[in-house]
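Here's the structure, in structure tokens; my notes come after.
The values are calculated or read from the model by the stated rules, or taken from the named source; none is laboratory data. All values derive from a computational prediction rather than experimental measurement. We place every Cβ from the backbone using ideal geometry, glycine too, and count neighbours over all the protein chains shown.
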Amino acid sequence: MKRRDLLLMGLGAGSMAAAIAAGRTLRPARSYNVPPDRTFVASGTQSLGDRARAKGLFYGSEVSIARLRDDTEYASSIAEECTAIVPGYEWKWRFIRPDPQSFDFEKCDDMMDFATQHNLQVRGHTLVWYQSLPDWFEDYVTPANAESVLARHIETVAGRYAGKIYSWDVVNEAIEPYSNRADLFRKEPWLDLLGTDYVELAFRMAHEADPNALLTYNDYRLDFDTSYEDRRREGVMRLLERLTSRNVPIHAVGLQAHLNAHEFETFNPEKLRSFLADIASMGLKIMITEMDVIDQKLPADIATRDRVVASVYEDYLSVVLDEPAVAGVMTWGLSDRYTWLANEKAREDGLAVRPLPLDSEFQRKPAWHAIARAFDNAPPR
Ligand code: G3I
């Protein structure tokens, strides 16, 4: 049975072969009810970044550049806990392209200065995405000029920081399972303008602009054992096969890992292991690029919520970090004081959400301890 057929069954070769060989069915989905005797206490006080670095991994966070300037507690927590940072939105077209002719790098240059000052690696996010396009884009970019507009953007942006960027999210979220296309490409402006070659073009342009950066394809909802996520994984694997078969300079895959705690019942370690093994078998590295644990539908009680969130971090990362191709983990924010989920996944009871390692006063939570323990227990690279 071909690997693609296994994928269509929602399984990678790794887990099917393993399951057949072991004569066992795949483990049932996990419950997220945390046993009362499970504790979340990491040994020592080393930062998440130091624990990751000790295993040859990176740990970092999405950052708001304005907040790095304005909130000293936030800036010092980022500097203390992280070995890497990525801007949440400031490198997107909408925020660095005021008009078709110009670029505004002021915020991102400030971030690069902060990264240099604190010896932090920088992830670039993102050179091509269907969202956060500037208002002028739709009227200005046409099928006739799209390739040159894309080329100028990538060579100017990636070229400006060449040699200083650990990895670029070259293309973000190109797959859509409900797409009526056999290749599961999302219908979006870049596809309409350039066809399916836009992904390959972007990676080749990025590699020319910065041959040192680890070029990454980034996407979401690739984590759990559901038919929707099976389709997403299948679409990503088809895209990766297309790119690698054409010797496109792609080096890594980013799993965003915005995890719904209330869906953790559908977490199937074997299926995730298999998916990661299938990516690694193509010679690609893997990164967890935007992790947070969404507590929107968890009980109101903070101690209960924090324990469930921590268990999701630890259970997910203990599986992910077993895969040698995984290079590191970024959370999409470090402190509950600043999270996109406060608006996007607000709780019906109006309580503040608590998805991240530090609380809103930058104190370490059970989630911090869970991530710390996952790094401490990870095999060294
Ligand atoms: O704070 C600025 C304000 O100073 C500025 O004047 C204004 C101009 O529009 O923008 C404000 O920033 C907003 C920013 O979030 C900070 O809150 C932007 O409007 C808003 O578009 C931006 O949304 C970002 C979103 O991507 C769209 O770019 C979120 O911060 C960011 O967390 C989110 O991140 C995405 C990843 O890129 C891809 N994966 C999913 C993830 C979550 O949606």
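Quickly run through the range 56-87 and pick out the residues that are outside any helix (DSSP H, G or I) and aliphatic (A, V, I, L, M).
Pass one, the range 56-87, residues outside any helix (DSSP H, G or I): 56-64, 71, 82-87.
LEU57, VAL63, ALA84, ILE85, VAL86 - these are the residues of the range 56-87 that are outside any helix (DSSP H, G or I) and aliphatic (A, V, I, L, M).
Restricting to the range 347-381, count the residues that are part of a loop (DSSP other than H, G, I, E, B), among the hydrophobic types (A, V, I, L, M, F, W, C), more than 23 Å from ALA75 (Cα to Cα) and within 21 Å of the chain's Cα centre (by Cα). First the steps, then the outcome.
Let us first name the residues in the range 347-381 that are part of a loop (DSSP other than H, G, I, E, B), namely 347-357, 359-363, 365, 378-381.
Now drop any that are not among the hydrophobic types (A, V, I, L, M, F, W, C), which leaves 351-353, 356, 362, 378.
Pick out the ones that are also more than 23 Å from ALA75 (Cα to Cα) and you get 351, 378.
With the extra rule that they be within 21 Å of the chain's Cα centre (by Cα), the set shrinks to 378.
Here the count works out to 1.
Report, by residue number, each residue of the range 256-279 that is of a type outside the set (Phe, Trp, Tyr), in a helix (DSSP H, G or I) and more than 20 Å from ASP306 (Cα to Cα).
Those that are of a type outside the set (Phe, Trp, Tyr), in a helix (DSSP H, G or I) and more than 20 Å from ASP306 (Cα to Cα): PRO269, GLU270, LYS271, LEU272, ARG273, SER274, LEU276, ALA277, ASP278, ILE279.
Taking the range 71-87 only, how many residues are among the charged types (D, E, K, R) and either within 11 Å of the ligand (Cβ to nearest atom) or surrounded by 21 or more Cβ atoms within 10 Å (Cβ to Cβ) (or both)?
Residues flagged as among the charged types (D, E, K, R) and either within 11 Å of the ligand (Cβ to nearest atom) or surrounded by 21 or more Cβ atoms within 10 Å (Cβ to Cβ) (or both) within the range 71-87 amount to 1.
Run down ALA374, ALA370 and say which single residue is more than 18 Å from HIS262 (Cβ to Cβ), of a type in the set (Gly, Ala, Ser), more than 16 Å from the ligand (Cβ to nearest atom) and out of contact with any Pro (no Cβ under 8 Å at 6 or more places or on another chain). Steps first, answer last, please.
Details: ALA370 fails: more than 18 Å from HIS262 (Cβ to Cβ).
That would be ALA374, the only listed residue that is more than 18 Å from HIS262 (Cβ to Cβ), of a type in the set (Gly, Ala, Ser), more than 16 Å from the ligand (Cβ to nearest atom) and out of contact with any Pro (no Cβ under 8 Å at 6 or more places or on another chain).
For residues that are within 20 Å of ASN247 (Cβ to Cβ) and part of a helix (DSSP H, G or I), tally how many sit in the range 280-304.
Within the range 280-304, residues that are within 20 Å of ASN247 (Cβ to Cβ) and part of a helix (DSSP H, G or I) number 1.
For ASP37, only one of the following conditions fails: (1) within 16 Å of the ligand (Cβ to nearest atom); (2) free of Cβ contacts under 8 Å to residues at least 60 places away in the same chain; (3) among the charged types (D, E, K, R). What is its number?
Evaluating ASP37 over (1) within 16 Å of the ligand (Cβ to nearest atom); (2) free of Cβ contacts under 8 Å to residues at least 60 places away in the same chain; (3) among the charged types (D, E, K, R) leaves (1) as the failure.
Only residues that are touching a helix residue (DSSP H, G or I) at 6+ places or on another chain (Cβ under 9 Å) and either crowded, with 19+ Cβ neighbours inside 10 Å or within 15 Å of TRP93 (Cβ to Cβ) (or both): list them for the range 160-174, please.
Of everything in the range 160-174, those that are touching a helix residue (DSSP H, G or I) at 6+ places or on another chain (Cβ under 9 Å) and either crowded, with 19+ Cβ neighbours inside 10 Å or within 15 Å of TRP93 (Cβ to Cβ) (or both) turn out to be ARG160, TYR161, ILE165, TRP168, VAL170, VAL171, ALA174.
Out of all the residues in the range 109-126, which are touching a Lys or Arg at 6+ places or on another chain (Cβ under 9 Å), within 17 Å of GLU155 (Cα to Cα) and crowded, with 21+ Cβ neighbours inside 10 Å?
Looking only at the range 109-126, we keep the residues that are touching a Lys or Arg at 6+ places or on another chain (Cβ under 9 Å), and these are 109-110, 112, 114-116, 122, 125-126.
Adding the requirement that they be within 17 Å of GLU155 (Cα to Cα) leaves 109, 125-126.
Result: HIS125, THR126.
Quick one: PRO36 ticks every box in (1) closer than 29 Å to LYS365 by Cα; (2) part of a loop (DSSP other than H, G, I, E, B); (3) at pLDDT 95 or above bar one, so which box is it?
That leaves (3) as the condition not met.
Does the range 236-252 contain any residue that is within 17 Å of the chain's Cα centre (by Cα), under 30 Å from ASN33 (Cα atoms) and surrounded by 19 or more Cβ atoms within 10 Å (Cβ to Cβ)?
No - not one qualifying residue is present in the range 236-252.
Rundown of residues vs (1) crowded, with 17+ Cβ neighbours inside 10 Å; (2) farther than 15 Å from ILE250 by Cβ; (3) without any contact (Cβ under 8 Å) to a residue 24 or more places away in the chain, yes/no style:
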{"site": "LEU184", "(1), (2), (3)": "yes, yes, no"}
{"site": "TRP190", "(1), (2), (3)": "yes, yes, no"}
{"site": "LEU194", "(1), (2), (3)": "yes, yes, no"}
{"site": "HIS207", "(1), (2), (3)": "yes, no, no"}
{"site": "ALA213", "(1), (2), (3)": "yes, no, no"}
{"site": "LEU222", "(1), (2), (3)": "yes, yes, no"}
{"site": "TYR228", "(1), (2), (3)": "no, yes, no"}
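If SER335 meets every condition in (1) of a type in the set (S, T, N, Q); (2) touching a Leu at 6+ places or on another chain (Cβ under 7 Å); (3) closer than 30 Å to GLU234 by Cα apart from one, which number is that one?
Condition (3) is where SER335 drops out.
Out of (1) in contact (Cβ under 8 Å) with a residue 60 or more places away in the chain; (2) in contact with a Ser or Thr (Cβ under 8 Å, 6 or more places away or on another chain), the odd one out for GLU314 is which?
(2)
What number of residues within the range 88-108 are outside any loop (DSSP other than H, G, I, E, B), more than 12 Å from the ligand (Cβ to nearest atom) and surrounded by fewer than 17 Cβ atoms within 10 Å (Cβ to Cβ)?
Number satisfying all stated conditions: 3.
Inside the range 237-280, can you point out the residues that are among the small types (Gly, Ala, Ser), more than 28 Å from ALA342 (Cβ to Cβ) and touching a residue at least 60 places away in the same chain (Cβ under 8 Å)?
Passing the criteria: ALA252, SER274, ALA277.
For the range 310-346, how many residues are more than 16 Å from the ligand (Cβ to nearest atom), assigned to a helix (DSSP H, G or I) and not polar (S, T, N, Q)?
9
Can you find a residue that is aromatic (Phe, Trp, Tyr), in contact with a strand residue (DSSP E or B) (Cβ under 8 Å, 6 or more places away or on another chain) and over 12 Å from ARG97 (Cα atoms) anywhere in the range 163-171?
Yes - at least one qualifying residue is present in the range 163-171.
Restricting attention to the range 321-364, which residues are without any contact (Cβ under 8 Å) to a residue 60 or more places away in the chain, closer than 20 Å to PHE40 by Cα and surrounded by 20 or more Cβ atoms within 10 Å (Cβ to Cβ)?
Selection gives ASP336, VAL353, ARG354.
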